[in-house]
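Comments concern the structure below.
What follows is calculated from the coordinates using simple rules that are stated; it is not laboratory data. Treat the numbers as computed from the prediction; the structure is a model and nothing was measured. Glycine gets a Cβ as well: all are built from the backbone with ideal geometry, and neighbour counts include every protein chain shown.
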C-alpha cells in the first residue's frame, strides 16, 4: 500500500471512531463562536435599545422585541410581527444575555444542521471526503455563512427541519417516517409557514409507500391532524391578538408583495445566469458566484439513481422550496446580498453540496449519471451565451407619462435623465403603485426605470403634477438572444 493510501486509510479509520463526530462538532462550535464574536455586525455589550450591529436591521430587531415580550408572558400587537417559533427559542436567555438572546439557540441549530449534513453526505462518500468538502466549503464560502448562519435569522430553524426531513426520508421506513416528517412540518409552520409547504412531496410519498391501505389512511389522517393542530394553534393566537386568522404581516406578504407576478424564465435567468439586464448587478448570478452549482445537475441525477423514489421525493422538496422563493416578488438580484434575501434559499446549498460530493466520488461508476455530466456541460454552454436583451416597444407616450401601456409582461419603462427617487410619484390610472407587488427598480445608479409584473394593472402610467418628471418615457420588454459572453459573465 502506498503512503498516500495508507494515510487516507488512517484518517478514514480515525473519523469512524466513536468520539470523532463529537470532536468535529466541538471544533465547529469553536469556529462558530469565533465567527459570532468577531462578526462586524455583532452588537457587543451595547444595550439593545441602542440598536447597534444587527439589531439595527428590521427583521432582527423584530425577533428580539417578540422574544422580550414572550419572556414577559405576553404577546402584543406592537411586537407580534413574524411567527413566534424562532423568537421563543431566545426566551431563556433574555435576562441572562439580553443583547445575545439567539447566540446559544443559533449555535445549537447550526451544529445540529451540520450533523444532519454529515450523515447525508456519508451516505454517498467516505468520511474523509465529507471532511474535505466541508473544510473547502467553509473556507471558500465564509461570507455567505457569516451572513446566513451567524446573523440571527428565522431560517436557521427551518434549514434544520428541512434538511432533517430530507435525511429521514432516505434513512427511515414505515409509519415512523410519516410521524417524523409530520412533526418537522408542524414545527416549521410555527417558524416560517411557507417553508412547511415544501414537506408535501416527502409526506405524500412517505404515506404512499406504506404497505397497506389501512396504514396509509391512518397515517395520512393522523399526519393531517397534527399539521392542522399547529395551523389551528397559530390561527387561534392570531385571532386573539389581531382578530383575524392571518397577521397583518402575512396579509401584506400576499397583497403588497405576492408571488409569481414576473415570468419564471426571466427570474431564473436573473438569479442564476446574469443580473445585469435591467438590474445592473454584476456579481449576484449564482452559477458564476458559486460555480460548483453546475455539478448539482449530475449530483441530483446521482441522488435519485442511488436513493430511488424516496430520493426523488427529497429532491422534489428541495426544488419546491427553491421554486417558492424564486416566485416571491421581492426575490431579485438587487436584494440577494444588498438586503440579505439569499438567506431564504441558502439551506438548499447543503443537500446540493452533499449530492455534488457523492457524484464526484461515486458517480463515475453509474452510466445513467453520465447524462447528468452532459447536462452540466450543456448548462455551462447555455449559461455562457444566453442573453436577455431589452427590446423597445411602440407605445403612446408624452412627457412624464405613458398614455397606453402595452399588455406584455414583464415590461420595462424608463424615464431618461430622471432620478430614481421619483418613482414614488408615479401612478397607474391615478392609483399609487406598490414596489414588489407592482414593480421592481434597480438599486444600482440608474435613470428612473421600472420593471412591471402581472399585478401592475392599468392602462396609463403617469407622474403626479409637480413631481418634476418631464422626460418622455421609453417602453419595452425582453427578448432572448445568444452570444458567447465569457468576459461579460466574469468581469
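A few notes on this one:
- The angle between the Cα long axis of helix 103-122 and the longest principal axis of the Cα atoms of the chain comes to about 70 degrees, rounded to the nearest 10.
- Scaled against the 2.2 N^0.38 Å expected of a compact globular protein of N residues, the Cα radius of gyration of segment 129-227 reads 1.29.
- Intensity falloff of the chain expressed as log10 I(q)/I(0), Debye formula with alpha-carbon point scatterers, at q = 0.09 Å⁻¹: -0.74
- Segment 414-438-segment 244-261 distance, computed between alpha-carbon centres (Å): 21
- One chain, two ends: residue 22 and residue 407. Fully extended at 0.36 nm per residue, the span grows by 132.6 nm beyond their Cα-Cα distance.
- When only alpha carbons are used to place a centre, segment 327-371 and segment 1-56 end up 22 Å from one another.
- Helix 58-71 vs. the chain, principal-axis angle (Cα, 0 to 90°, nearest 10): 60
- Computed log₁₀ I(q)/I(0) - Debye formula, equal Cα scatterers, no solvent, segment 1-154, q 0.10, 0.15, 0.19 Å⁻¹: -0.46, -0.84, -1.14
- In plain terms, the chain from residue 362 to residue 135 could stretch by 79.7 nm, reckoned as 0.36 nm per residue minus the Cα-Cα distance.
- Simple label model, 7 Å out from Cα along Cβ direction - residue 45 to residue 229, nm: 4.7
- Segment 311-337 residues near the modelled residue 435 label - backbone nitrogen below 15 Å, point 7 Å along Cα→Cβ: 329-337
- Acute angle (nearest 10 degrees) that the helix 213-242 long axis makes with the longest principal axis of the chain, alpha-carbon atoms: 50
- Three-way shape label, segment 393-489, alpha-carbon gyration tensor, a/c 1.5: prolate
- Distance between segment 283-326 and segment 86-129 - C-alpha centres, whole angstrom: 23
- Rounded, prolate or oblate (a/c below 1.5 giving rounded, otherwise prolate when a/b exceeds b/c) for segment 264-394 by Cα gyration tensor: prolate
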